[in-house]
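Down below is the structure, laid out as structure tokens.
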Ligand SMILES: Nc1ncnc2c1ncn2[C@@H]1O[C@H](COP(=O)(O)OP(=O)(O)OP(=O)(O)O)[C@@H](O)[C@H]1O
Ligand SMILES: [Mg+2]
């Protein structure tokens with residue numbers, strides 16, 4: 001039987017008295033890629049903030065591999081196996097590439113192929129020769145790869161990626177696509193937030209669309225592909 005990786009059930013989240021997420025519910029199974037889509041301001045990053053504990057939900061439940069995590073502190077949620085690649089990268093610019101990776105190291109019992117500095121360098125050969133450089137001296141694409149490598153060093157059971165292709169040149173976006181495809185092939189459970197709908201639909205198994213903080217669609221990628229009306233209505237693009 002399939003294992004549930006993540007479930008949100010009836011999540012309401014607010015910034016002060018601004019109600020952003022309204023009764024958000026969705027779930028997906030382990031080893032799959034869930035694309036979380038929506039226009040600017042739809043609530044995608046807020047959704048990630050509730051999962052990682054930065055913005056605890058007012059009510060509702062969040063489960064990670066069956067275990068409730070909605071009331072836990074961010075560091076506890078991270079230790080339980082949620083890795084996060086934030087929007088806009090947020091690497092530590094004055095630390096070296098090596099330091100950025102090693103500060104994030106966490107082991108997890110049962111990981112078949114744990115992530116190590118060597119394995120991250122094999123995944124991102126561009127980082128290998130730059131381990132001693134300050135991370136702030138890397139190009140935008142390299143910083144994005146570093147942000148992913150840093151999240152992987154925590155050996156996450158669930159990896160959240162917030163717009164990893166944002167602001168990257170097409171060649172780097174193609175590399176990003178291959179990287180995410182490889183992580184998926186290795187069985188990594190991933191929530192992928194993307195404005196690049198084509199990239200997201202190429203990689204995803206499951207799709208959730210948010211529209212003004214509400215789930216407007218949840219289903220399989222096959223239901224979305226070719227459904228121009230659905231895409232135009234909730235994402236405003238085609
Ligand atoms: N720290 C905050 N305080 C108050 N309101 C916020 C805060 N962060 C986001 N919001 C508001 O919450 C809503 C959802 O924002 P959010 O950042 O989650 O959207 P998003 O889907 O990630 O958008 P984008 O595609 O632009 O990244 C928006 O109306 C936004 O203005
Ligand atoms: Mg966002």
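All of the numbers you see were taken from the coordinates with simple rules; none came from a lab. Quick caveat, the model's predicted, so the values are computed rather than measured. All Cβ positions, glycine included, derive from the backbone under ideal geometry; neighbour counts span all protein chains shown.
Normalised by the number of residues in the chain, the average gap of Cα pairs under 8 Å and 6 or more apart makes the relative contact order 27 percent.
Protection proxy ranking, highest mean first, for peptides 136-147, 8-19: 136-147, 8-19, where packing is the per-residue count of other beta-carbon atoms within 10 Å, averaged. The overall shape of the stretch 1-112, judged from the alpha-carbon gyration tensor, is oblate: a/c is not under 1.5, and a/b is no greater than b/c. Would you please give the FRET efficiency between residue 71 and residue 105, computed as 1/(1 + (r/R0)^6) with r the Cβ-Cβ distance and R0 = 22 Å, to the nearest 0.05? Approximately 0.25, to the nearest 0.05. Reducing the stretch 125-150 and the stretch 174-202 to their Cα centroids gives an inter-centroid distance of 19 Å. Would the stretch 100-238 count as rounded, prolate or oblate if I go by the C-alpha gyration tensor, calling it rounded below 1.5 in a/c and otherwise prolate when a/b exceeds b/c, oblate otherwise? In terms of gyration-tensor shape, prolate.
In the chain, helices alone account for a calculated mean residue ellipticity at 222 nm of -9000 deg cm²/dmol, with every DSSP H run of four or more residues adding -39,500 (n - 2.57).
Between residue 186 and residue 25, take the C-beta separation as r, use R0 = 35 Å, and let me know the FRET efficiency to the nearest 0.05. The pair residue 186/residue 25 has a calculated efficiency of 0.80.
Assuming a ≥ b ≥ c are the square roots of the Cα gyration tensor eigenvalues, decide whether the stretch 192-238 counts as rounded (a/c under 1.5), prolate (otherwise, with a/b larger than b/c) or oblate. Let's see the in-between values first.
Numbers: a/c = 1.30, a/b = 1.20, b/c = 1.08.
Verdict is rounded for the stretch 192-238.
For the stretch 91-156, averaging the sequence separation of C-alpha pairs within contact (under 8 Å, six or more residues apart) and dividing by the residue count gives a relative contact order of 55 percent. What the Cα atoms of the stretch 91-156 give is an Rg and a Dmax of 11.2, 36 Å.
Taking the alpha carbon gyration tensor of the chain, multiplying each eigenvalue by 5 and rooting it gives semi-axes of 27, 21, 17 Å, largest first. For the pair residue 122 and residue 87, label points projected 7 Å from Cα toward Cβ lie 3.5 nm apart.
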